[in-house]
Structure formats: C-alpha cells, structure tokens
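Q: The following block contains the structure, expressed as structure tokens.
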Amino acid sequence: MRLQAVDVTLGYGDRVVVDGLDLGIEAGTVTTIIGPNGCGKSTLLRALGRLLKPSGGQVLLDGKRIDRLPTREVARVLGVLPQAPSAPEGLTVADLVARGRHPHQTWYRQWSSSDADAVAEALAMTGLSDLADRPLEELSGGQRQRAWISMALAQGTDLLLLDEPTTFLDLAHQVEVLELVRSLHSSAGRTIVMVLHDLNLAARYTDRLVAMRDGRVVAAGTPHEVLTEELLRKVFDLEAKVIPDPVAGTPLVVPVGVRH
C-alpha cells in the first residue's frame, strides 16, 4: 500500500470525528472518499496528508510512519490541495506554481534551472502556460483550480491528495478539473486521493470508492461494488435507483427521495 491509515482516531479537542479507522490506498490508483456532510472525509484526508495528527493509531507512507518522516521528505513525495486554498492578492499563476518547488530548495541550493523546468512542465500539463503571467484573481474558477493543482505537480510528487477540488465550480469546470486529474493519473501513473460530493462524477473518474459514515469506512471497492441502492440507503439515507451511465457505463445514481 502506498498510503495507509491503521486504527486511526481523529478529532478536534474532545470531539472524536474518526474512530479506529483502517484504510489502504493502492499505488497507481485514483481513490475517492464519499459520504454525508460531517462524516469525517476531509478530516481523514488531512490526516493522510500529515496536516492533522491522529490521537490514536498511525498513518503510514510507503510503509513508514508519516509523523516520523522529515517534513521536507514528505513534501517531496506527497502533494496536498486543501479545501478553498487562498493566495495573496496579485500573485500570478507562475508565482503560485513556483511555490511548489520550496521543498526542493535549501540554504545552499536556491532556485535553479531544474526548478524552472519543473514549473514549466507543471504549467504545460495543466494547460496554463499561456496564463503564467496572469494574476490568480483574473482566472475562472476552473482555471484557478488547475493552477493550484499545477503547484502540487511542481512539487514533483507522484501522490496527490485533493480535498473537494470541484467545490464552487459549475458542472463544466467540475468536468474540466476531473478530466485533468484523470489525465495526470493515466499519463504518469500518479496515485490520487480525492474527496468529492457528486457521486456520479466520483463513479466516472475513480478506480476505487471509499464510503464513510459517522467516522468509519462502510464500504470500499470499485464504483460498481460500492454504489448500490442498499449502500445509498445505509450511508446517505437516500432512496435512489442505480443505473448504468449511458456515456461511461459507470453507476449512475438517480435520486428518488430521502429515506425516513
């Protein structure tokens, strides 16, 4: 497993959000965590990215305890895009992406041609080369998300954690971002873990789904294995029909009503 949560308990103060959770992320897969609001999805992702320390259990990165690894070493292999990231006003796309190179710099090794090459490659991969000098606030929502993903790519990591990368985007921009995520996986075999709310988009762009409720994993597997009518009732209190997506052949959730 590339990334593992082993009997992990997470919370804020005295409030436990995730309790005794086990999860393994296989190398070279796109995994999406789904579940109702407040179930612990983003909290779990923060722990996997070493942004939140477990109060119990441990997170393993390539078999090693992530909390015992040097911060710079972790940043060289794992990129994290949190919810609704913010940047200083006036920051250009190129300046933002260049920040992804910080883990590779030291007092004796400052900016180099390899850093410039990494930034240029990240911009090209996300289709932002022509917008490199544009301030972030002038971009569309989809372009801004691509810029943040580009920064994570500039880190040179092959493991990406994306917390709700389509939040606040219209459907076209959601598809734009997820097509990018899928191409990053298919072109370089990157391991990607996302949190998404849209079940149908999650099913279409994901190799594996992890369904959570009340801080625990209820089901994990392929979209066909996880997105069943029974699971939708159990996890989301939702009565729905699950039919084949006419475009992708993946499960398509058609809501019927809320289960009481």
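Q: Given +1 on the Cβ of Lys and Arg, -1 on the Cβ of Asp and Glu, and no further charges, what dipole in debye does the chain carry about its Cα centre, rounded to the nearest 20?
A: Using Cβ point charges on Lys, Arg, Asp and Glu, the chain gives about 700 debye.
Q: Have a look at L81, V181, L169 and report the one farthest towards the positive end of the charge dipole of the chain, computed about the Cα centre with Cβ charges (Lys/Arg +1, Asp/Glu -1).
A: Farthest along the dipole direction, towards plus: L81.
Q: Trypsin sites (Lys or Arg not before Pro), restricted to region 153-260: which are DSSP loop and have at most 11 other Cβ atoms within 10 Å? Before the final figure, lay out the partial values.
A: Numbers: sites: R182, R190, R204, R208, R213, R216, R233, K234, K241, R259; in loops: R190, R259.
For trypsin sites (Lys or Arg not before Pro) across region 153-260 that sit outside H, G, I, E and B with at most 11 neighbouring Cβ atoms in 10 Å, the list is empty.
Q: Have a look at M125, Y205, F236 and report the one farthest towards the positive end of the charge dipole of the chain, computed about the Cα centre with Cβ charges (Lys/Arg +1, Asp/Glu -1).
A: Sorting the options by dipole projection puts first F236.
Q: Restricting to bridges with both residues inside the chain, how much of the DSSP beta-bridge set is antiparallel, in percent to the nearest 5? Numbers along the way, then the final one.
A: Values: 28 of 45 bridges.
In the chain, DSSP labels about 60 percent of beta bridges as antiparallel.
Q: Using alpha carbon centroids, what distance separates region 17-52 and region 163-207, in Å?
A: 16 Å
Q: Next question, about the same structure. Using a 10 Å cut-off on Cβ atoms, rank the peptides 29-40, 163-174 from the highest mean neighbour count down.
A: 29-40, 163-174
Q: Still on this structure, I have one more. With the crude spin-label approximation of a point 7 Å out along Cα→Cβ, what separation in nm comes out for V258 versus L69?
A: So the label points at V258 and L69 sit 4.2 nm apart.
Q: Using the alpha-carbon atoms, what tilt in degrees (0 to 90, nearest 10) does helix 171-188 show relative to the longest principal axis of the chain?
A: For helix 171-188, the angle is close to 70 degrees.
Just so you know, all these numbers are worked out from the coordinates, no wet-lab data involved. All figures in this text were calculated on a predicted structure; none of them were measured in a lab. Don't worry about glycine lacking a Cβ; one is built from the backbone with ideal geometry, like all the others, and counts go over all protein chains shown.
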